[in-house]
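The next block holds one structure in the form of C-alpha cells; read it before the comments.
The values are calculated or read from the model by the stated rules, or taken from the named source; none is laboratory data. Only a predicted model underlies this, so the values are computations on that prediction, with no experimental measurement involved. With ideal geometry, Cβ positions are generated from the backbone for all residues, glycine too; neighbour counts draw on all protein chains shown.
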Amino acid sequence: MATTQPETITIIKLDPAHKDERGYILNVIDDQRISHVAVYTAKKGSVRGNHYHPKQLQWVYLVSGKYVSYSKDTRNKDAHIRKEIITPGMLVFSPPMVAHAEEHLEDSVLINITDGERDPAKFGEHTIKFELVKQKS
C-alpha cells in the first residue's frame with residue numbers, strides 16, 4: 001500500500017516526554033530511518049532554504065531563535081505559499097517536493113534531520129533550488 005505524503009509542511013510543537021527536577025527529555029523523532037543530522041546557525045535577517053527535496057523527508061528542530069517558515073507544494077503551480085512563525089521547541093517536517101525557506105527574525109540555532117544522502121558533490125540530485133523568499137540586502 002502506497003503512503004501519501006502531505007502536500008505541505010507539518011509544524012509540531014513538542015512537549016517533553018519526561019520532566020523532573022533534573023530537566024526534561026524531548027523526543028524529537030520516533031520510528032524513522034535517519035541518515036543525516038546537522039546543526040546549523042542563521043543570523044538575524046538571513047534567508048536559508050529556498051529549495052525542495054525530490055525524495056527526502058526533512059525535519060528541522062528550532063533550538064533557539066525565531067524565523068518565518070515558508071512552504072509551497074512544487075507539484076501544484078497554483079498552490080499558495082504557506083507562512084508560519086517558528087519558535088524554539090517547534091519541529092518543521094517537510095515532505096518530498098515541498099519547497100521550504102526560512103527568514104530569520106533572530107539569530108537562530110537549528111538541527112536538520114533527513115532520511116537520505118546529503119553528499120555535497122551530489123547537491124543538485126537531493127536538493128533543488130526554488131525561490132520562495134528573497135534574501136534582503
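Quick one: in segment 98-122, of everything that is more than 18 Å from I34 (Cα to Cα) and surrounded by fewer than 18 Cβ atoms within 10 Å (Cβ to Cβ), which residue is nearest to the chain's Cα centre (by Cα)? Ranking the qualifying residues of segment 98-122, first place goes to V109. Could you please let me know if H36 is under 18 Å from I11 (Cβ atoms) and touching a Ser or Thr at 6+ places or on another chain (Cβ under 9 Å)? Taking the combined requirement at face value, the residue does not satisfy it.
Give the number of residues within segment 10-64 that are over 17 Å from the mean Cα position of the chain (by Cα) and either part of a strand (DSSP E or B) or touching a residue at least 12 places away in the same chain (Cβ under 8 Å) (or both). Selection size over segment 10-64: 9.
Report yes if some residue within segment 80-94 is among the charged types (D, E, K, R), out of contact with any Gly (no Cβ under 9 Å at 6 or more places or on another chain) and more than 26 Å from L26 (Cα to Cα); otherwise report no. Before you say what the answer is, go through the steps one by one.
Within segment 80-94, the subset among the charged types (D, E, K, R) is 82-84.
Then drop every residue that is not out of contact with any Gly (no Cβ under 9 Å at 6 or more places or on another chain), which leaves 82-84.
Now drop any that are not more than 26 Å from L26 (Cα to Cα), which leaves 82.
There is at least one residue in segment 80-94 that is among the charged types (D, E, K, R), out of contact with any Gly (no Cβ under 9 Å at 6 or more places or on another chain) and more than 26 Å from L26 (Cα to Cα).
Note on segment 13-54: residues that are charged (D, E, K, R) and surrounded by 12 or more Cβ atoms within 10 Å (Cβ to Cβ) amount to 2. Only one of the numbered conditions (1) over 20 Å from D119 (Cα atoms); (2) β-branched (V, I, T); (3) modelled with pLDDT under 95; (4) in contact with a strand residue (DSSP E or B) (Cβ under 9 Å, 6 or more places away or on another chain) is not met by T87, and that is (3). When the residues of segment 22-64 are filtered to those that are among the charged types (D, E, K, R) and modelled with pLDDT of 95 or more, the one that is farthest from I113 (Cα to Cα) is K44.
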